[in-house]
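What follows is a single structure, written as structure tokens, with notes after it.
The values are calculated or read from the model by the stated rules, or taken from the named source; none is laboratory data. Just so it is clear, the structure is predicted and the values come from calculations on it, not from any experiment. Every residue, glycine as well, gets a Cβ built from its backbone with ideal geometry; the counts of neighbours run over all protein chains shown. Surface areas here come from the heavy atoms of the whole protein model, side chains and all, with no ligands, DNA or RNA. Shrake-Rupley method; radii C 1.70, N 1.55, O 1.52, S 1.80 Å.
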Amino acid sequence: MFRRQKAQDEGEKEPLLDEGEAESLADFRPLVVLEFSSKTTPVTREWMKSKIEASKRQGGADLNAKLVVARDGEERVLLVSAPQERLLQGAEQMGLKKKYKDGSVRAFTFAERQNVEDYTESLEGMLTMSQSQYIIKVELDNIRALEAENHIPGCSHPKARLYKGKSILSRMVSCHLLEKMYPVHNPEQLKRLQHDWYHLNKPKQLIGGQPIETIRGYFGESVAMYFSFLGHYTKALLVPTVIGVLYYLFNESGRNDFVIFAVFNMIWATVFLETWKRTSSAHAYNWGTLGRKVFEEPRAGFHGKLGVNPITGRSEPVYPSWKRLLRIYCVSFPIVILCMLVAVVVMMIYFWAENIAKAKHKEENTMLTQGLVLVPSIIYSVVIILMNQAYRTLAQYLTKNENHREQSAYENYLIVKLVLFDFVNCFLCLFYIAFVMQDMNYLRQSLAILLIVQQLVGQLQETLLPYLLMRKRIKKGEKSGLDHVSKPLHEIPRSKQAEVESLMDRYEGTFDDYLELFWQFGYVFLFSAVYPMAAFWALANNIMEIRTDAFKMCRIFQRPFMEPAANIGAWQTVFEVMGFIAVMTNMALIGMSPEIQPLLEGYTTIQKVLIFVAAEHLIIFIKVVLAFAIPDMPEWVETQMGRIEYQSTQALKKQDHHCSSPLPFPSLSLPLSSSLLLGKWLFIPAAGLVTSVFD
């Protein structure tokens with residue numbers, strides 16, 4: 001077992017843990033912190049430490065660990081680290097991809113380490129700190145109970161029973177024996193990231209520009225992919241913003257420009273999403289996540305009767321799929337429908353209150369009553385946000401109750417629930433005004449109020465809430481005797497770093513951020529035919545959003561573990577579906593507009609419907625052609641993937657059929673999608689111009 005920790009990033013400061021332990025920990029640089037609850041006994045903590053240090057044959061993780069004293073004077077903080085060689089071996093076992101000197105990105109093998117682009121004889125710098133922390137997390141999650149271990153030592157909790165092959169860390173979390181597990185910050189790297197990220201040092205940073213590669217190196221692919229998507233979306237909003245503002249200021253009554261602007265927005269949504277696919281595939285290739293498939297271990301909350309996994313052969317909980325489907329369709333689905341009905345009732349109450357306010361204004365017609373007319377819309381906008389947040393908690397509970405084995409399945413089912421409810425809660429009133437009341441002026445006013453008020457409330461939450469959380473952390477730290485808690489991490493003594501980070505709030509992921517972009521995207525593109533200024537307000541909000549989100553990541557939250565990501569997952573489908581719904585809503589609004597109706601005099605109702613259905617299908621056809629015409633991958637990525645596939649095929653031919661040693665070039669046989677094949681022949685000049693701009 002390795003006992004000596006080597007420095008990993010050049011110029012990186014080692015966070016000292018305790019002044020009295022400085023000498024004994026001179027070669028120990030912690031990467032991950034585990035905090036036991038006050039309920040745990042010294043026996044349990046020592047046992048967990050020994051499991052982490054034990055070899056893999058003994059059911060351990062073969063890592064380095066050190067128990068240190070917490071603020072309450074007890075040794076219940078466990079610091080985990082590993083030498084560089086051990087981390088690189090873990091990277092090979094996980095199939096982590098690295099860039100080699102020949103320019104290709106493929107699975108890393110320790111035997112081929114000298115061919116890696118960033119190879120050094122000391123092995124330092126071959127892994128980012130976030131990758132090292134992710135490897136340690138995976139190794140900790142994979143600590144399994146042995147056959148002789150049937151109970152957590154020193155614990156009287158009724159659920160502390162262990163089963164062979166079951167993750168020990170998951171059991172300790174479910175028994176509330178482990179309170180926190182988080183990767184430590186790197187103060188010097190964090191200081192540089194803050195300077196480059198949200199201090200607006202360059203003009204291009206104003207409109208979505210961000211140091212994505214640095215973000216990825218520090219926080220991992222999932223966080224970097226979200227901020228890259230946010231930046232790409234913000235840049236894409238610039239064009240409809242300019243056109244919308246010009247239309248709003250100089251040509252508000254022009255019926256032809258009205259139609260042209262709406263059609264442009266419908267097509268532009270497709271261009272934005274297709275060019276994003278190219279951007280994300282380029283990121284994924286450079287980051288080594290393109291085409292990477294990882295076998296998912298069971299979620300921490302997954303439960304069931306102990307059985308055998310047919311793929312791994314290991315013992316793990318088994319839960320029948322029919323029981324899960326029963327919970328989805330007989331419990332979750334009816335509750336989601338009920339929540340949607342509640343949203344409908346709240347909407348009708350809003351219309352009732354607004355009608356009362358309008359009647360009052362009609363009777364008195366004063367400045368006071370004129371302002372009173374806007375009050376129901378403002379209150380309703382805030383209520384929508386509160387209902388979304390309350391439903392989020394309910395949706396998480398329902399999805400946990402469905403007992404999904406994989407984390408990806410859990411997230412996908414959660415996204416479906418959240419999108420369905422948020423769509424009804426945010427947009428149903430606008431559909432009602434547009435297609436039942438058919439009041440375009442009222443629709444324009446309601447859309448403006450909902451968009452502006454919800455973004456304003458969101459920005460207050462993004463700025464005021466982090467400030468309050470920071471003040472709470474400072475007060476809590478000062479009560480605990482931490483005088484440096486109010487300072488940035490790079491100004492805090494290294495001996496106090498772990499204690500200060502322990503007081504930080506846990507980062508909950510990007511779900512809320514994607515949801516916010518989802519309803520904003522809907523407000524901008526679903527009803528762009530009636531309110532051209534929507535893109536302007538969205539652009540202004542996103543410029544602020546990037547800065548506030550960056551501040552929270554660097555100053556408010558604990559550092560999250562890296563999560564590999566090749567794209568934005570199910571959210572890509574969500575935005576694409578919204579793009580097609582936008583075609584239907586905008587064409588219907590154009591058909592009902594007073595400017596278009598005179599052009600259709602003499603036509604029957606059925607003929608009018610057929611005309612707009614044909615126009616709608618034409619727009620959809622154009623969107624589909626654009627989707628095929630714009631390749632999902634840049635040409636250089638496609639070339640590199642083909643090169644790796646060719647090398648893999650050649651290596652397989654030379655490989656002895658019965659040889660069991662790992663291949664130097666693992667097969668990444670990925671069939672080209674139809675969009676790539678047709679893109680070579682259907683690539684129109686407009687698509688080429690757009691992709692060159694976005695690339």
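Annotations for the structure displayed:
- Total residues in segment 82-101 satisfying the condition of being free of Cβ contacts under 8 Å to residues at least 40 places away in the same chain and not in a helix (DSSP H, G or I): the figure is 2.
- Within segment 112-157, considering residues that are outside any loop (DSSP other than H, G, I, E, B) and without any contact (Cβ under 8 Å) to a residue 12 or more places away in the chain, the one farthest from Ala61 (Cα to Cα): Gln114
- Residues (within 16 Å of Gly209 (Cβ to Cβ) and in contact with a Leu (Cβ under 8 Å, 6 or more places away or on another chain)) located in segment 233-247: Tyr233, Thr234, Leu237, Leu238
- For segment 98-117, filtered to residues that are in contact with a Lys or Arg (Cβ under 7 Å, 6 or more places away or on another chain) and open to solvent by less than 60 Å² (accessible area, probe 1.4 Å), the residue that is modelled with the lowest pLDDT is Ser104.
- Set Glu149, Glu139, Glu117: member being over 30 Å from Ser170 (Cβ atoms) and of a type in the set (D, E, K, R): Glu117
- Boolean, Lys66 is in a helix (DSSP H, G or I) and without any contact (Cβ under 8 Å) to a residue 60 or more places away in the chain: no
- Segment 132-159, residues that are surrounded by 18 or more Cβ atoms within 10 Å (Cβ to Cβ), farther than 30 Å from Lys98 by Cα and among the aliphatic types (A, V, I, L, M): Ala145, Ile152
- Exactly one residue out of Ile337, Ile311 is free of Cβ contacts under 8 Å to residues at least 40 places away in the same chain and farther than 30 Å from Leu386 by Cα: that is Ile311.
- Residues of segment 505-559 classified as crowded, with 20+ Cβ neighbours inside 10 Å, hydroxyl-bearing (Ser, Thr, Tyr) and part of a helix (DSSP H, G or I), total: 2
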